[in-house]
Amino acid sequence: MPVVEIASIPASEAFLADLTLIDGPVANIVGKAEGFISAYVGLQIEDQKTAYLIVLWESLEAHQKLIGDPIYPTLISQLAPAVAGALKLQHVEFTGDVAIAFGAPVTEVAVSKLREGKSKEDVDTFMPVMVEASKVPPVAHGPCAYGEVIEEPGTFYLVLGWDSPEAHRAVTGVEGPGKEVVKKFREIVDLESMVHVKFTKVA
């Protein structure tokens, strides 16, 4: 099953000055690995200092195989100038086409955790409602995609493309048409974080 690698990176000054800094190693090493599908790099709009590397793999094993490859230390050394601290690496099995979200002008990246007494089945049951509500062209590039973090059961990512953060807020804000859907979803999960990222496909 396809898996998405999500690396959250405290960006170095060099990386902030040149967001193409890691394009080469991503394209030339990651992009040539067996099981690689595509990769995106982006900077969080809100804090302007957290970068994200998104890699779509045919399977979790494909990424693990690259980690065990002799070329992997070379990849890490080439990525090092872009990193200013400890990065967070997660893998997510998404339901839906994440390429739509990551290919949009801006991508909403929301992380939620199950509320006490709720289950993954509750999320799965509700998500068709969320998916349908996310189809609000032209401002949203839907439908959304969601999935559970492999390393952290009970933690979920939701990604959805938008024209801009302002377009997102207009739809889900106090007077927006998506307000009630979001409210009902938060009866199942607690929102841990929600940011917007401008991604560029690099491989």
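The values are calculated or read from the model by the stated rules, or taken from the named source; none is laboratory data. Source: prediction; values computed, not measured. Here the Cβ is made from the backbone with ideal geometry for all residues, glycine too, and neighbour counts use every protein chain on show.
Are there any helices (runs of 4 or more DSSP H) wholly within region 34-114 with 1 or more residues that are outside the structural domain of F156 (by TED's automatic domain parsing) and polar (S, T, N, Q), and if so which? Write out each step before concluding.
Numbers: elements: 60-67, 72-79, 98-102.
Where helices (runs of 4 or more DSSP H) fall fully within region 34-114 and carry at least 1 residues being outside the structural domain of F156 (by TED's automatic domain parsing) and polar (S, T, N, Q), they are 60-67, 72-79.
Considering only residues that are of a type in the set (S, T, Y) and either modelled with pLDDT under 95 or under 19 Å from the mean Cα position of the chain (by Cα) (or both), which ones fall in region 1-49?
Matches in region 1-49: S8, T20, S38, Y40.
Kindly evaluate S134 against the criterion of being within 24 Å of L43 (Cα to Cα), polar (S, T, N, Q), touching a residue at least 24 places away in the same chain (Cβ under 8 Å) and buried (at least 17 other Cβ atoms within 10 Å of the Cβ).
Values: within 24 Å of L43 (Cα to Cα): yes; polar (S, T, N, Q): yes; touching a residue at least 24 places away in the same chain (Cβ under 8 Å): yes; buried (at least 17 other Cβ atoms within 10 Å of the Cβ): yes.
Yes, satisfied.
Which number in (1) in a loop (DSSP other than H, G, I, E, B); (2) free of Cβ contacts under 8 Å to residues at least 60 places away in the same chain; (3) among the hydrophobic types (A, V, I, L, M, F, W, C) marks the one condition that M1 misses?
Looking at each condition in turn, M1 falls short on (2).
Mind telling me which of the residues G24, G35 ends up being surrounded by 15 or more Cβ atoms within 10 Å (Cβ to Cβ) and touching a helix residue (DSSP H, G or I) at 6+ places or on another chain (Cβ under 8 Å)?
On the way: G24 fails: surrounded by 15 or more Cβ atoms within 10 Å (Cβ to Cβ).
That would be G35, the only listed residue that is surrounded by 15 or more Cβ atoms within 10 Å (Cβ to Cβ) and touching a helix residue (DSSP H, G or I) at 6+ places or on another chain (Cβ under 8 Å).
To keep it simple, each residue is scored yes or no on (1) under 28 Å from A39 (Cα atoms); (2) among the hydrophobic types (A, V, I, L, M, F, W, C); (3) outside the structural domain of I45 (by TED's automatic domain parsing); (4) at pLDDT 95 or above.
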| site | (1), (2), (3), (4) |
| --- | --- |
| G117 | no, no, yes, yes |
| P137 | yes, no, yes, no |
| G154 | yes, no, yes, yes |
| A170 | no, yes, yes, no |
| K184 | no, no, yes, no |
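Of the residues that sit in region 137-154 and are out of contact with any Gly (no Cβ under 9 Å at 6 or more places or on another chain) and in contact (Cβ under 8 Å) with a residue 60 or more places away in the chain, which one is surrounded by the fewest Cβ atoms within 10 Å (Cβ to Cβ)?
Step one: list which residues in region 137-154 are out of contact with any Gly (no Cβ under 9 Å at 6 or more places or on another chain), which gives 137-139, 149-154.
The next check asks that each one be in contact (Cβ under 8 Å) with a residue 60 or more places away in the chain; those that pass are 150-152.
Details: I150: 14, E151: 10, E152: 13.
The qualifying residue surrounded by the fewest Cβ atoms within 10 Å (Cβ to Cβ) is E151.
Does A104 count as surrounded by 18 or more Cβ atoms within 10 Å (Cβ to Cβ) and either touching a residue at least 60 places away in the same chain (Cβ under 8 Å) or of a type in the set (A, V, I, L, M, F, W, C) (or both)? Break it down into steps so the answer makes sense when it comes.
Numbers: surrounded by 18 or more Cβ atoms within 10 Å (Cβ to Cβ): yes; either touching a residue at least 60 places away in the same chain (Cβ under 8 Å) or of a type in the set (A, V, I, L, M, F, W, C) (or both): yes.
Judged against the criteria, A104 is a match.
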